[in-house]
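Chemist: Mind having a look at this structure? Questions to follow.
The values are calculated or read from the model by the stated rules, or taken from the named source; none is laboratory data. The shown structure was predicted, so the numbers you read here are calculated from the model rather than taken from an experiment. So basically every Cβ, Gly included, is an ideal-geometry build from the backbone, and we count neighbours across all protein chains shown.
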Amino acid sequence: MTNPTGGKNRLLIVDDEPTNIHILSNILSGDYEIRAANNGQRAIEAAKSQAPDLILLDMIMPGLDGLQVCKLLQEDEATKDIPVIFVTSMSDPANEELGLRAGAVDYISKPVSPPIVKARVKIHLQNRLTVRFLEGLLSSQTTTLEDAKNQAQSLLVFV
């Protein structure tokens with residue numbers, strides 16, 4: 001999937017287990033530009049510096065766990081709009097609810113199914129692109145209305 005500039009969408013995979021990063025990278029690397037982080041602090045730094053289009057985040061990690069990372073990303077103006085999908089072995093409904101309440105847009109249980117991972121990543125990237133498009137459209141309409149209002153007011157000054 002490509003972004004509006006024609007390049008591949010960027011994904012950040014965050015997991016303290018290299019095998020899990022490798023599995024997700026193999027599933028997604030043909031369609032996306034992949035970056036990885038092996039702990040919560042590096043995930044936050046990468047999200048700020050690399051501006052990924054979507055983050056795949058493990059819930060259980062030493063140090064900052066996935067829930068803390070997700071909440072911190074949601075609180076930061078620079079990263080709050082990046083969709084987060086939890087990819088975790090914690091498959092019970094209570095943990096899924098915790099993840100969604102922390103701000104994740106989706107929740108995938110391990111072991112992952114490659115078609116499911118691909119489909120969910122694609123859906124959430126399409127949603128993000130749609131929101132960006134609509135925000136841009138709204139912004140341009142607001143600017144156009146502001147310009148029209150200013151022009152009308154300037155005409156009234158001369159009357």
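Chemist: If you check A104 against the conditions, is it among the small types (G, A, S), over 10 Å from the mean Cα position of the chain (by Cα) and at pLDDT 95 or above? So that I can check it myself, show each step before the final result.
Modeler: Working: among the small types (G, A, S): yes; over 10 Å from the mean Cα position of the chain (by Cα): no; at pLDDT 95 or above: yes.
No: the conditions fail for A104.
Chemist: Which strands (runs of 3 or more DSSP E) sit wholly inside the stretch 39-143 and have at least 1 residues that are touching a Leu at 6+ places or on another chain (Cβ under 7 Å) and hydrophobic (A, V, I, L, M, F, W, C)? Break it down stepwise before answering.
Modeler: Working: elements: 54-57, 84-88, 106-109.
By residue number, 54-57, 84-88.
Chemist: Same structure again: Mind listing just one residue for me: the one in the stretch 87-102 that is surrounded by fewer than 17 Cβ atoms within 10 Å (Cβ to Cβ) and not acidic (D, E) and, of those, nearest to Q126 (Cα to Cα)? Give the derivation first.
Modeler: Restricting attention to the stretch 87-102, the residues satisfying the condition of being surrounded by fewer than 17 Cβ atoms within 10 Å (Cβ to Cβ) are 89, 91-94, 97, 100-101.
Then keep just the ones that are not acidic (D, E); that gives 89, 91, 93-94, 100-101.
Details: S89: 26, S91: 25, P93: 26, A94: 28, L100: 19, R101: 22 Å.
Ranking the qualifying residues of the stretch 87-102, first place goes to L100.
Chemist: Also, quick follow-up: Against the definition (over 23 Å from T19 (Cα atoms), free of Cβ contacts under 8 Å to residues at least 12 places away in the same chain and within 14 Å of the chain's Cα centre (by Cα)), how does E77 come out, yes or no? Give the steps one after another, and end with the answer.
Modeler: On the way: over 23 Å from T19 (Cα atoms): yes; free of Cβ contacts under 8 Å to residues at least 12 places away in the same chain: yes; within 14 Å of the chain's Cα centre (by Cα): yes.
When the stated conditions are applied, E77 passes them.
Chemist: A further question follows. If you check every pair at least six apart or on different chains, which have Cβ atoms under 6 Å apart with a residue in the stretch 104-116 that is over 20 Å from I82 (Cβ atoms) first and a residue that is in a loop (DSSP other than H, G, I, E, B) and among the hydroxyl-bearing types (S, T, Y) second?
Modeler: S109/S91; K110/S89
Chemist: May I ask you to list the residues in the stretch 92-125 that are closer than 18 Å to I13 by Cα and of a type in the set (S, T, N, Q)?
Modeler: Correct list: S109, S113.
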